Amino acid sequence: MIIKKANREDLKPLLPLYEKSRQLMKEAGNASQWGDGYPSEERLMMDLAQESLYKVLVNDQIIGGFMFGLGPEEEYKSLEGSWLNESPYFVIHRITAPEAKGVTREIFAWTKKQTDNLRIDTHKDNMIMRHILEREGFTYVGEITLADGSRRMAYHRTSS
């Protein structure tokens with residue numbers, strides 16, 4: 001597996017992966033986290049413009065994607081709880097890998113090589129991601145409120 005920054009041409013193969021992830025989330029009882037059409041092509045274009053959209057490749061085929069970028073994240077200021085530290089941090093969002101085993105493990109191993117201070121949030125109904133985050137050494141630190149008023153569980157992984 002290879003992880004690289006995505007480019008505009010990568011949107012065409014990434015968009016169906018996000019659609020498949022939305023479908024799988026609904027089937028797993030998590031219909032509201034991404035809803036219909038999230039992340040939009042416009043959202044992914046913003047990630048591209050910020051050079052924070054990544055692709056996961058196997059044999060030159062895109063099998064996954066995610067956003068990885070340097071904080072701060074405005075919505076993380078709303079945390080009801082306490083972050084493990086207040087040092088500069090990276091965030092990861094919009095992980096998709098609907099058809100391949102071991103991709104999230106590879107993504108999080110890659111993030112460990114990039115930073116020792118990573119934050120992420122997920123919906124309370126996203127039991128699959130919650131399990132992955134616990135497996136990958138994240139600590140649940142409280143809840144945040146998104147701009148639309150919805151709530152997310154916040155996690156933090158740090159080496160300190």
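Cα convex hull of segment 46-92: how many Å³ per residue?
109 Å³
Under 27 Å between alpha carbons, and skipping anything fewer than 8 positions from Lys77 in its own chain: which lysines qualify?
Straight-distance partners of Lys77: Lys112, Lys113, Lys124.
Output wanted: per-residue J couplings in Hz (rounded whole) for segment 113-126, from phi through Karplus 6.51 cos²θ - 1.76 cosθ + 1.60, θ = phi - 60°, x for Gly and Pro.
Karplus values, whole Hz, x for Gly and Pro: 6, 8, 7, 10, 9, 10, 10, 8, 9, 8, 6, 4, 7, 8.
Test of understanding: in a Gaussian network model of the chain with alpha carbons linked when under 10 Å, which of Gly69, Gly149, Gly102 would top the mean-square fluctuation ranking?
Result for the chain, Cα springs under 10 Å: Gly149 fluctuates most.
Working out 0.36 nm times the residue gap between Gln50 and Ala109, then minus their Cα-Cα distance, what length gain in nm do you get to one decimal?
19.0 nm
I need the phi-derived Karplus couplings for segment 140-146: 6.51 cos²θ - 1.76 cosθ + 1.60, θ = phi - 60°, integer Hz, Gly and Pro marked x.
6, 10, x, 10, 10, 10, 7
Please give every one of the aspartates and glutamates within straight-line cross-link reach of Lys5, meaning a C-alpha to C-alpha distance under 13 Å, and leave out same-chain neighbours fewer than 8 residues apart.
Asp47, Glu51
Kindly provide the helix-only [θ] at 222 nm of the chain, computed as the sum of -39,500 (n - 2.57) over DSSP H runs of four or more divided by all residues, to the nearest 500 deg cm²/dmol?
Helix contribution divided over all residues of the chain: -9000 deg cm²/dmol.
Would you please state which residues of segment 21-40 a label at Ala100 would reach in this model, taking the label point 7 Å out along Cα→Cβ and a backbone N cut-off of under 16 Å?
Backbone N within reach: 21.
I need Arg135, Arg151, Arg94 ordered by Cβ neighbour count within 10 Å, fewest first.
Sorted ascending by nearby Cβ count, the order is Arg135, Arg151, Arg94.
Can you work out the FRET efficiency for the pair Glu80 and Lys12, with r the C-beta to C-beta distance and R0 = 41 Å, to the nearest 0.05?
Result of the calculation: an efficiency of 0.55.
Any chance you could get the radius of gyration and Dmax over the Cα atoms of the chain, in Å?
14.8, 43
What residues of segment 2-17 lie in the reach of a label at Leu57, counting those whose backbone N is under 16 Å from a point 7 Å from the Cα along Cα→Cβ?
Answer for segment 2-17: 2-14.
Excluding Thr111 itself, calculate the net charge of residues whose Cβ lies under 13 Å from the Cβ of Thr111, where each Lys or Arg counts +1 and each Asp or Glu counts -1.
+2
Roughly how tilted is helix 11-27, in degrees to the nearest 10 and between 0 and 90, from the longest Cα axis of the chain?
Once rounded, one gets 60 degrees.
Coordinate-derived values only; no laboratory data. Keep in mind that what you see is a predicted model, and the values were worked out from it rather than measured. Virtual Cβ from ideal backbone geometry, glycine too; neighbours counted across all protein chains shown.
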